[in-house]
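Just below is one structure, and these are the notes that go with it.
The values are calculated or read from the model by the stated rules, or taken from the named source; none is laboratory data. Nothing here was measured: the structure is a model prediction, and the numbers come from that model. Cβ sites come from the backbone with ideal geometry, for glycine too, and all protein chains shown count toward neighbours.
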Amino acid sequence: MWAYDDSRAALRDVLRLSRAMTYKAAVADLPLGGGKGVIMTPLLGPLTPERRHAGLLDFADTVEALGGRYITAEDVGTSSRDMSVIVERTRYVAGLPRRRGGSGDPSPFTALGVESAIRACCERVFSTDSLRGRSIGVIGLGHVGSRVARRCARAGSRLLLADVDESKRRLADELGARWTTPERALTATVDVLAPCALGGFLDDQTVPRLGCAIIAGAANNQLADERIADVLAARQILWAPDFVVNAGGLINIAEEFSDYDPAAARRRVRGISDTLRQIFEAAEAMDATPLTAAMELARRRLAAGPVPVAAT
């Protein structure tokens with residue numbers, strides 16, 4: 001759910017996100033396809049509770065019309081509370097609150113996956129997966145980013161936090177972290193940059209100014225263009241493909257399709273680190289970028305056979 005400039009921007013976004021979702025599910029080896037839905041909110045004026053509720057129900061009708069080929073879940077701009085509205089019109093909903101039989105908010109699992117990815121990247125670059133003493137910049141302190149910051153703080157990292165919402169500075173004070181603007185955080189000298197806001201920020205203007213050794217975060221579609229992966233590699237910055245790093249929430253939701261076990265979901269989410277190790281080794285063997293290796297892995301798994309459902 002987001003305010004787009006026009007319907008064309010919303011369409012471009014949903015196509016990019018659905019493609020990434022397809023790769024995400026395939027690389028995570030999940031029995032899911034890739035789909036995405038966007039709810040375009042008013043660009044001007046407040047989104048009243050009544051209009052929000054009506055928009056969610058309209059979206060639910062669309063999901064229901066697909067007859068189970070698409071299953072929706074919480075994402076940017078929505079919550080498990082919103083899923084409780086959508087389920088009024090369709091049963092094809094995942095990530096419902098625990099009291100409704102779902103797995104609840106997927107953000108903790110996404111954050112766990114990001115931490116696992118950061119550890120795998122540090123192991124690759126610094127020969128240890130310990131985060132103690134590592135400088136980590138987290139941009140975007142929403143549901144996922146705030147949890148990533150807390151996990152890294154508990155691991156002993158030195159944090160630089162940033163968000164467009166100045167009220168999020170309270171988290172920096174709580175964790176003893178430095179606070180700055182997203183623009184300054186992007187070019188700060190840190191070991192790891194963990195982008196957890198919206199994507200498209202890595203381009204020909206920003207990459208030459210980066211001061212990090214690693215980029216691993218939850219933001220979708222971080223590259224403005226796929227060739228930017230080569231630009232990052234030329235600068236010897238290890239970029240972990242976002243659709244691998246942020247798969248934790250989807251992995252957790254996939255567990256709902258069997259007898260849901262949060263402990264089993266956490267084990268599978270921690271496996272993101274092993275997946276990244278495999279991707280980094282394949283990239284080195286191919287003399288290619290991690291993006292190329294990850295996409296090749298996804299294509300191989302997609303070619304192995306059809307998947308039964310799509311999920312978001």
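Enumerate the helices (runs of 4 or more DSSP H) found wholly within segment 3-88, keeping only those where 3 or more residues are touching a residue at least 60 places away in the same chain (Cβ under 8 Å), within 22 Å of the chain's Cα centre (by Cα) and closer than 30 Å to Ala303 by Cα.
Values: elements: 7-27, 49-65, 80-86.
Ranges flagged: 7-27.
A quick yes/no check of all residues on (1) within 23 Å of Ser258 (Cα to Cα); (2) buried (at least 19 other Cβ atoms within 10 Å of the Cβ); (3) in the same structural domain as Arg51 (by TED's automatic domain parsing):
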{"residue": "Arg81", "(1), (2), (3)": "yes, no, yes"}
{"residue": "Gly95", "(1), (2), (3)": "yes, yes, yes"}
{"residue": "Arg119", "(1), (2), (3)": "no, yes, no"}
{"residue": "Ser130", "(1), (2), (3)": "no, no, no"}
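Can you name every residue in segment 181-205 that is part of a strand (DSSP E or B) and surrounded by 22 or more Cβ atoms within 10 Å (Cβ to Cβ)? Explain how you work it out, then say what you get.
Residues of segment 181-205 that are part of a strand (DSSP E or B), as a first pass: 189-195, 202.
Once the filter is applied, which keeps residues that are part of a strand (DSSP E or B) and surrounded by 22 or more Cβ atoms within 10 Å (Cβ to Cβ), segment 181-205 yields Val190, Val192, Leu193, Ala194, Pro195, Leu202.
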### Query
Looking at this structure, is Thr22 modelled with pLDDT of 90 or more, among the β-branched types (Val, Ile, Thr) and closer than 17 Å to Val244 by Cβ?
yes
### Ala218 being on the phi < 0 side of the Ramachandran plot, of a type in the set (Gly, Ala, Ser) and outside the structural domain of Ala149 (by TED's automatic domain parsing)
no
### Query
For Glu174, all conditions in the list (1) buried (at least 18 other Cβ atoms within 10 Å of the Cβ); (2) out of contact with any strand residue (DSSP E or B) (no Cβ under 7 Å at 6 or more places or on another chain); (3) not in a loop (DSSP other than H, G, I, E, B) hold save one; what is the number of the exception?
(1)
### Query
Taking only pairs six or more apart or across chains, which ones have beta-carbon atoms under 7 Å, a first residue in segment 154-165 that is in the same structural domain as Leu198 (by TED's automatic domain parsing) and modelled with pLDDT of 95 or more, and a second residue that is among the aliphatic types (A, V, I, L, M) and part of a strand (DSSP E or B)?
Ser157/Ile136; Leu159/Ile136; Leu159/Val138; Leu160/Val190; Leu161/Val138; Ala162/Ile139
